[in-house]
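What follows is a set of notes on a single structure, which appears directly below.
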Amino acid sequence: MGTDSRAAKALLARARTLHLQTGNLLNWGRLRKKCPSTHSEELHDCIQKTLNEWSSQINQDLVREFPDVLECTVSHAVEKINPDEREEMKVSAKLFIVESNSSSSTRSAVDMACSVLGVAQLDSVIIASPPIEDGVNLSLEHLQPYWEELENLVQSKKIVAIGTSDLDKTQLEQLYQWAQVKPNSNQVNLASCCVMPPDLTAFAKQFDIQLLTHNDPKELLSEASFQEALQESIPDIQAHEWVPLWLLRYSVIVKSRGIIKSKGYILQAKRRGS
């Protein structure tokens, strides 16, 4: 094991929390795989390469400090939005909850995204359906704690608009009737339905909810896939001790031209028992 891996292993053995951010993937250059075939493959590649880059640049002062929270990033790819250009940009995010017991993840993820991008608020946040046990149908009760956090963030002006993903007409209607801040969009996975369901289309039109499409897998990041990427990047680490809490994918689009200026991933993981 090289010195880099030893330092990374020592830090991860003592830390309680890991914040991993890729920076702007468009700035990755040689790090970027030419064309990952799926979102899951891209994410796995991003986690692995971010860990590799971070471990190769660990400062010895950091090893002496053994911080509780590790900030793991590709430093040359970090790119904040120029305040003078903020009005010209649309900053969107999709939040994937991995560990179902943490509704406070919503605020952590949004705060971190704002900090990483150097903005006061995000224009839109879509929340992917939270994880539920096999054989259980998603209900309003599963969504409520996360939606309440999103509503608080809208009220405190951290987010402008909030949306959902993969809700059918009944689920979307239940959320709409209960919510104080109404969903302004709902993503539909066209892999599972080639045509928008007519009842969903009619409901969305009646209440001015935008229907969008996506091709994310049902589980973009699992505990096992995160631990695998960790193990591959830093051999001999106790990867099974680490659990991802949430993952946020963001994009910054130039409004007038519709081109992507920046995109990346941010995630938070914790060590079991900490």
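Within region 212-223, residues that are over 10 Å from LEU190 (Cβ atoms) and outside any loop (DSSP other than H, G, I, E, B) reach partners that are modelled with pLDDT under 90 and charged (D, E, K, R) with beta carbons closer than 9 Å, at six or more positions or on different chains, in the pairs GLU223/GLU99.
Would you say ILE132 is within 19 Å of the chain's Cα centre (by Cα), β-branched (Val, Ile, Thr) and at pLDDT below 95? When the stated conditions are applied, ILE132 passes them. Here the condition is being out of contact with any helix residue (DSSP H, G or I) (no Cβ under 6 Å at 6 or more places or on another chain), open to solvent by 50 Å² or more (accessible area, probe 1.4 Å) and among the β-branched types (Val, Ile, Thr); of ILE209, ILE259, it holds for ILE259 alone. In the set (1) outside any loop (DSSP other than H, G, I, E, B); (2) open to solvent by 30 Å² or more (accessible area, probe 1.4 Å); (3) closer than 21 Å to SER105 by Cα; (4) not small (Gly, Ala, Ser), the condition left unmet by GLU232 is number (3).
Screening VAL119 on (1) assigned to a loop (DSSP other than H, G, I, E, B); (2) more than 22 Å from VAL254 (Cα to Cα); (3) touching a strand residue (DSSP E or B) at 6+ places or on another chain (Cβ under 8 Å) shows it passes everything except condition (2). Can you tell me which residue in region 1-50 is modelled with the highest pLDDT, limited to those that are hydroxyl-bearing (Ser, Thr, Tyr) and open to solvent by 40 Å² or more (accessible area, probe 1.4 Å)? Across region 1-50, the extreme among qualifying residues is SER40.
Looking across GLU79, GLU87, one residue alone is open to solvent by less than 60 Å² (accessible area, probe 1.4 Å) and not hydrophobic (A, V, I, L, M, F, W, C). It is GLU79.
Among the residues of region 113-157, those that are among the aliphatic types (A, V, I, L, M), closer than 21 Å to LEU220 by Cβ and open to solvent by less than 30 Å² (accessible area, probe 1.4 Å) comprise ALA113, VAL116, LEU117, LEU122, VAL125, ILE126, ILE127, ALA128, LEU138, LEU143, LEU150. A single entry from LYS169, LYS94, LYS158 fulfils the requirement of being in contact with a Cys (Cβ under 8 Å, 6 or more places away or on another chain) and modelled with pLDDT of 95 or more: LYS158.
The values are calculated or read from the model by the stated rules, or taken from the named source; none is laboratory data. Quantities reported herein were computed from a predicted structural model and do not represent experimental measurements. Cβ coordinates were reconstructed from backbone atoms using ideal geometry, including for glycine residues, and neighbour counts include every protein chain displayed. For accessibility, only protein heavy atoms count, side chains too; no ligands or nucleic acids. Shrake-Rupley method; radii C 1.70, N 1.55, O 1.52, S 1.80 Å.
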